[in-house]
Structures are given as C-alpha cells and as structure tokens.
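Read the structure below first, then the notes.
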Amino acid sequence: MRGSSAACCAAPISVSSAKIACRNESLLFQFKILCPFASLTTTSIFTTTRPFLSLSRSQPDKAKQKQKLWEFNCATIPSSSTVANPSNDFIVVNFYRFVFINDPREEVAKHLSFLKGLDIHGRIYVNEQGINAQYSGPSKDALAYVEWLREDFRFSDILVQISPALNGHAFPKLKLRYKPSLVQLEGGISHLPLLDPTMRATPLAPSEWRKRLKEVHDSNCVVLDVRNGYEWDIGHFHGAQRPDVDCFRSTSFGESDSEEAIASDPLANVDKEKANILMYCTGGIRCDVYSTILRYPAVSSHFLFILVSNCVWCLILHGRQRGFQNLYTLKGGVSHYLQNEGPVEWVGNLFVFDDRLSLPPSAYNPEDTTVPSSNPQGCKNILFANCYICGSQVSELRHRNCANIDCNLLFLCCMECVRDLKGCCCPQCTTAPRLRPVLPGNQRYKKWYMYRELEVQNELAV
C-alpha cells in the first residue's frame, strides 16, 4: 500500500473495498488498496494531533498466500493546529539487515532509481553483507521506500524503526552508496561472520529484555552498553556502566590488555563461559557486529619444527581461544524497546545520530503512561547528566557542538555556561579565529562553509 496514511479506529476493521474513508471529527483519511488485505488494525484515536506510523508486516497463513497482511500502530505527535494532510508529516526511518548481496553496486543503482523523485534525505549504505539505512522524509515517501524494499524476499520481514521529525528533514541530503563497512570499526568488519546468525548474539524481544534486566542484580550478568560515552550521558539502562569510548570505531570491550583499559572494561574479569552478557545500542546493528567479535574465537598460532631426513619442516598448529558463550542483544535496540515497553528500566533520553540529537521515550510511544523506573535506591529523580564545563546538573538532555568550528566538540552544557562561553566548550575556544554564533533552543549548526560565506558577506557589508 504505497504512500498511504493510517485511519484511526478503536478496533480491527475488515478491508474489502477499493477505498476506505474513516472520519474522526475533523480528520479524514483514505486508503487506496493496491492488493488484497485480510485486516487492518490501529491502536489510537486522535483528532487534532499529528500522526506518525510504526509499520510492521506479518506473514499470512498458507491458505492466503496471495494476500498481504499489514499492521499499523498509530501514535500521536502534539500539534497546535489541525492536520489537514497527515501524509506530509516528516518521520525518520531506521533499519538494517545482514544478508548476502551478490552485486551491491547494482543494488545501489536499483535503490537510486526507485528513490528518484522521492523527498528522502539520509544515509543508506549497501555492501556484500547487507544494508544499513537511516533517513527522513514525508511519511508518504518514507514508507513507500519501505514497502518497495519489502517486495524483495531478502527484506520481506525486516524490522523498521520509525520516529517523528517535527522540524522536517533530520538529515541534510541523501547519501546512498556502496560502503565497505556498514558500521565503522577499527580494522573493518568485512572479515566478520555477520551472515551467520549462529555467530551473532541471541536477540531478545523487548519483553524478554525487560525481564532479564529485573534479574541482573540476582545473577551472573553484565549489562553492556555498546555505544559511546556521550550517548550514555543523556540516557541508559539501569545497571549499565558508562562506556569509556567516544567513537564506536575504537571499541575494545573484552579485548583489553593494559591495566588502565582493564579498569574501565566491563568484561575484563568476566567468566566467558558462565556470565550472561546483555548488549544494547540504539538500533541494534552495533551490538550484532560487536557480538561476533566477542563470540568469534581469536586464532593463535604455534609453530612445531621437525627434523626429517636432514630437512626442517615447520608445522603451523592453529589453536582457538574460547570466546564469550552467553551473548544476548536487545532486538531492534533501545528505540524498539521504548516503543514496546516504555521507559521501564530506562533513564533519560535517547541519543540519535541526526539533527534531532536527542529524543524522549515518549517520542517512540506517546500513548504509554508508564512512570520511568526508579533506581535501585528508589529515587525517581535520577540526576546523572552533568555540564561538561562546570559539572552542574543540566536540565536539558541534549548535546550541542562547540561554536569553534575547528573544535566542534559534542558536549552537554548548562545554559549559564552557554552564555558565559558563547557556546564554546572551554575558554580557549572563545578566542578561536573561526567562531559560529550561539544557537538558541534546539537548533544545530549547518556546514562550516555556510558560516564562512556569512562572514564574507558581513565583511563586504562593513
């Protein structure tokens, strides 16, 4: 059902006609049926709020092989005005799939051809190991791409994460290309057995993950945050240690050898055979990749020299070190968990790698009324986010970039330090030759050359 919008009903409805119109006071939605459907289910009723869609597809039974069964979960985004055309609402879509692609460059050409004419911005990378996509666009165009992709049997059941983009596009432009590594990791990932599910961690559904988290303090278990430290700073699961890493590329959990690295490695002294490792990240792909490193045994070589008939023969004996045996990942990542379970066992916001930077749990499930879980001591107001400059508690869980173009550090900052240091991360940066203006509210800096052009225009005006 390419480019359609969701109707709002309280219960499942049968779909048999070529057109369906559902009136809910001031809103009117129409469905154009392009293929037979068994049923359509929605979970929310709204009138003057802006809808966005969470799209999933379930497999039909054998008796209805020619039918397609879709399920739309509707959620709402607060808006001060009545929405006349929901299909123009912007959303951000995330998905990935590890699957063998024989000719990835031809695959890229097919995707580019389909997206021609659609208003899609984002990052979509393809290679022999699969696809990794994060993009934004009007819901009509964004979901049309998902539907087209699912027509390929390799992606028919792909898990898609959808969140609102209230200010339009969350990415500056579209980058759709072949990329040797779907995620950046030191040494690359092309050599990892990502296409073999048995070499990756066991995925846990959000409900099972929630259950496991409640048992963490009573079992031999480690909650491993496979993200960056600055992501943990604004939100994380209870029991997860802050990652001592600022770039996933340099992640080395379970491989530490120096005393300093071991002290900050949650897996340094873990029993590889008995401990349960619960791994999580934003959308799931980093956990899947890194779990193969933790599970994939490291190869060690021993040399045996034998003297035979005055000739020295060298035999290379390969031995394997044991990897971590009990690895589990959160299926679909934190975004999927928040959509299904709400903020239970989660504290703070979720860092996202686009112009929005930070999303509250309610962005994924506005209908959920669950009170955020308390910490082990029972305090519901968990204060963990500190200003990078003065160390005080910050009221807004959202990073900003240093106003110094040549620094551009991503950091948390209280409003007083923003004013005092003119948006910079330290006093030294305030005297840098290339400073951008202090941005108000939730704005993000544009590309550096935009400010260079602005500086030139100001000089000409003077």
**OP:** State all residues of segment 135-181 that are of a type in the set (K, R) and within 26 Å of D103 (Cβ to Cβ); if no residue qualifies, say none.
**Re:** R150, R154, K173, K175, R177, K179
**OP:** Kindly indicate whether any position in segment 118-134 is in a helix (DSSP H, G or I) and open to solvent by less than 60 Å² (accessible area, probe 1.4 Å).
**Re:** no
Original post:
Going by the structure shown, is N386 open to solvent by 40 Å² or more (accessible area, probe 1.4 Å) and modelled with pLDDT of 90 or more?
Top reply: no
Original post:
Is it the case that R210 is at pLDDT 80 or above, surrounded by 14 or more Cβ atoms within 10 Å (Cβ to Cβ) and assigned to a helix (DSSP H, G or I)?
Top reply: yes
Original post:
For segment 223-270, what are the residues that are of a type in the set (A, V, I, L, M, F, W, C), modelled with pLDDT of 90 or more and not in a loop (DSSP other than H, G, I, E, B)?
Top reply: V223, L224, W232, F237
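Considering only segment 383-433, state which residues are assigned to a loop (DSSP other than H, G, I, E, B), of a type in the set (K, R) and out of contact with any helix residue (DSSP H, G or I) (no Cβ under 8 Å at 6 or more places or on another chain).
We begin by selecting, within segment 383-433, every residue assigned to a loop (DSSP other than H, G, I, E, B); these are 383-385, 387-392, 394-399, 402-403, 405-409, 412-414, 421-426, 432-433.
So of that shortlist, the ones also of a type in the set (K, R) come out as 398, 422.
The one that is assigned to a loop (DSSP other than H, G, I, E, B), of a type in the set (K, R) and out of contact with any helix residue (DSSP H, G or I) (no Cβ under 8 Å at 6 or more places or on another chain): R398.
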**OP:** Give segment 135-170 a look and list any residue that's assigned to a helix (DSSP H, G or I) and among the hydrophobic types (A, V, I, L, M, F, W, C), or say none.
**Re:** A142, L143, A144, V146, W148, L149, F153, F155
**OP:** For segment 280-302, enumerate the residues that are modelled with pLDDT of 70 or more and small (G, A, S).
**Re:** G283, G284, S291
Original post:
If only one of S219, S190, S181 is within 22 Å of E107 (Cα to Cα) and over 20 Å from the mean Cα position of the chain (by Cα), which one is it?
Top reply: S190
Original post:
What number of residues within segment 275-289 satisfy the criterion of being crowded, with 22+ Cβ neighbours inside 10 Å, more than 20 Å from R242 (Cβ to Cβ) and among the polar types (S, T, N, Q)?
Top reply: 0
Original post:
Quick one: in segment 393-433, which of the residues that are at negative phi and touching a Ser or Thr at 6+ places or on another chain (Cβ under 6 Å) is surrounded by the most Cβ atoms within 10 Å (Cβ to Cβ)?
Top reply: C424
Original post:
In segment 171-199, how many are among the aliphatic types (A, V, I, L, M) and assigned to a helix (DSSP H, G or I)?
Top reply: 1
Original post:
Between a first residue in segment 134-158 that is farther than 16 Å from L176 by Cβ and a second residue that is polar (S, T, N, Q), which pairs have beta carbons less than 6 Å apart while being 6 or more apart in sequence or on different chains?
Top reply: P138/N88; S139/S87; K140/S87; R150/S156
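Restricted to segment 150-204, and to residues that are β-branched (V, I, T) and closer than 25 Å to V245 by Cβ, which residue is most open to solvent (accessible area, probe 1.4 Å)?
So the residue we want is T202.
The values are calculated or read from the model by the stated rules, or taken from the named source; none is laboratory data. Since the model is a prediction, treat every value here as computed from it, not as a measurement. Cβ coordinates were reconstructed from backbone atoms using ideal geometry, including for glycine residues, and neighbour counts include every protein chain displayed. Calculation scope for accessible area: heavy atoms of the full protein, side chains included, ligands and nucleic acids excluded. Shrake-Rupley method; radii C 1.70, N 1.55, O 1.52, S 1.80 Å.
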